[in-house]
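Peer 1: Below is a structure I'd like to ask you about.
The values are calculated or read from the model by the stated rules, or taken from the named source; none is laboratory data. Remember, predicted model here, so these are calculated numbers, not experimental data. Cβ: placed from backbone, ideal geometry, glycine included. Neighbour counts: every protein chain shown. The area values use the complete protein model at the heavy-atom level, side chains included, leaving out ligands, DNA and RNA. Shrake-Rupley method; radii C 1.70, N 1.55, O 1.52, S 1.80 Å.
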Amino acid sequence: MLKRRLQMGNIGETTLEIDLSALEHNYHYLKSKLSSDTKFLGVVKAFAYGSDMVIIAQKLERLGADYLAVAYTKEGVLLREAGIQIPILVLHPQPVNFDHLILHKLEPSMYSPKILKEFLEMAQKLGLGNFPIHIKFNTGLNRLGFWEQDVDHIVEILNGRNEVKVVSIFSHLAASEDPNEKDFSLTQINTFKKISQELNEKLGYAPFRHMLNTSGILNYPEAQFEMARCGIGLYGYGNESTIDQELKPVATLKTVISQLHQIEPNESVGYNRAFTSDRYRTTATLPLGHADGIGRQYGNQKTHVLVHGKKAPIIGNVCMDMIMVDVTGIACKEGDEVVVFGTEQSAEGFANTAGTISYEILTAISSRVKRVVLNP
């Protein structure tokens, strides 16, 4: 019934459709680029790139993902409370949340001497034994992570301690999607190999390793190690047009026409009279705005939406809860469906018009936008 209603173009309000069949397709495509024994980690941080973290995590667990990753502890707690059982890596934990992290059996990234020291203090206080931790090394992104020269310090801190056990060591490529930065990426990979070997020898055991993101999986499969991490690719975008053709967008943002207006020559539209018509036009007002994730940078004819498959430019300034689009020459009526991005118009293409990337527009979609799950 839901599918039929959607096909009739009667969604009724601004809606983000989440297509789990597209997620499954992307998962299998990315898995096909890995060796059969390579673990797969699905990144579901930021509400699964703006969709629905619980729904996406549940699907990935059913598909057989080995790990999930979130940015912060509270995201992992939400997944545990929803019944997710597979291991969850917390990429950027904060000491204030260590107790909740431990309680919900989340696995923290140790990225600095301070974090490692404070987590060990908490682990000792709670009497933990062999609690899984992951050590992150900075090989060139210069965001989070221990340095290569920190290996001895890490081993010194961990020697003789049984509160924790290093289950993985990892790093992050800075420009895996850019062929012009291949030398830099290879240097990162080689540095990580060197760090891994040294740490393993001094720890006396070999944690599994992971470094590749979506573009890394596609461009540097030789460096997949024992696990690969995938974020944006799962949601239908591969940072490269040829790869995008192999993937399917999971999220489609739709809205409806609230009202049509006939605009005369020299009439203005919207705040600050940012658009003035040079002729007779028909405009449509849509119920979404910058409070829903469509920022002001998309206004003033930089970007368009699709009305019955035809381009309708956003005119004037984007309002908090509304945008106006030019539908002159497009046969439409109030209540008709409008596509902002998705299968007909990619989020990457939509974002590019404002000089940004798919990650930003996807993760910006407000929680007040209705979510509808397709093909559960």
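Peer 1: For the stretch 41-89, which residues satisfy the criterion of being over 25 Å from Val372 (Cβ atoms), under 16 Å from the mean Cα position of the chain (by Cα) and open to solvent by less than 10 Å² (accessible area, probe 1.4 Å)?
Peer 2: Leu41, Ala69, Gly76, Ile88, Leu89
Peer 1: Right, next: Cβ-Cβ distance below 7 Å, separation of 6 or more or different chains: which pairs start in the stretch 183-195 with a residue that is in contact (Cβ under 8 Å) with a residue 40 or more places away in the chain and end on one that is assigned to a helix (DSSP H, G or I) and open to solvent by 40 Å² or more (accessible area, probe 1.4 Å)?
Peer 2: Thr191/Glu148; Ile195/Glu148
Peer 1: Shifting gears a bit: May I ask you to verify whether Ile315 is crowded, with 20+ Cβ neighbours inside 10 Å and modelled with pLDDT of 95 or more?
Peer 2: Criteria met by Ile315.
Peer 1: As an exercise: evaluate Ser168 against (1) at pLDDT 95 or above; (2) over 16 Å from Arg229 (Cβ atoms); (3) of a type outside the set (D, E, K, R) and give the number of the one condition it does not meet.
Peer 2: Evaluating Ser168 over (1) at pLDDT 95 or above; (2) over 16 Å from Arg229 (Cβ atoms); (3) of a type outside the set (D, E, K, R) leaves (2) as the failure.
Peer 1: Could you please let me know if Tyr29 is under 19 Å from the mean Cα position of the chain (by Cα) and surrounded by 16 or more Cβ atoms within 10 Å (Cβ to Cβ)?
Peer 2: yes
Peer 1: Starting from the stretch 95-118, keep only residues that are at positive phi, then list their pairs with residues that are of a type outside the set (Val, Ile, Thr) and open to solvent by 20 Å² or more (accessible area, probe 1.4 Å) whose Cβ atoms are within a distance under 9 Å, requiring at least 6 positions of separation or different chains.
Peer 2: Lys105/Arg80; Lys105/Pro87; Lys105/Phe131; Lys105/Pro132
Peer 1: Just give me the residues in the stretch 348-376 being open to solvent by 30 Å² or more (accessible area, probe 1.4 Å), touching a residue at least 60 places away in the same chain (Cβ under 8 Å) and under 14 Å from the mean Cα position of the chain (by Cα), in sequence order.
Peer 2: Glu348, Tyr359, Thr363, Ala364 - these are the residues of the stretch 348-376 that are open to solvent by 30 Å² or more (accessible area, probe 1.4 Å), touching a residue at least 60 places away in the same chain (Cβ under 8 Å) and under 14 Å from the mean Cα position of the chain (by Cα).
Peer 1: Would you confirm whether or not the stretch 91-108 contains a residue that is part of a loop (DSSP other than H, G, I, E, B) and under 28 Å from Asn219 (Cα atoms)?
Peer 2: Yes; the residues of the stretch 91-108 include at least one that is part of a loop (DSSP other than H, G, I, E, B) and under 28 Å from Asn219 (Cα atoms).
Peer 1: Filter the stretch 111-159 down to the residues that are open to solvent by 80 Å² or more (accessible area, probe 1.4 Å) and part of a loop (DSSP other than H, G, I, E, B) and list them by number.
Peer 2: Hits for the stretch 111-159 are Leu126, Asn130, Asn142, Arg143, Trp147, Asn159.
Peer 1: Would you check if Glu267 is more than 29 Å from Ile232 (Cβ to Cβ) and not β-branched (Val, Ile, Thr)?
Peer 2: When the stated conditions are applied, Glu267 passes them.
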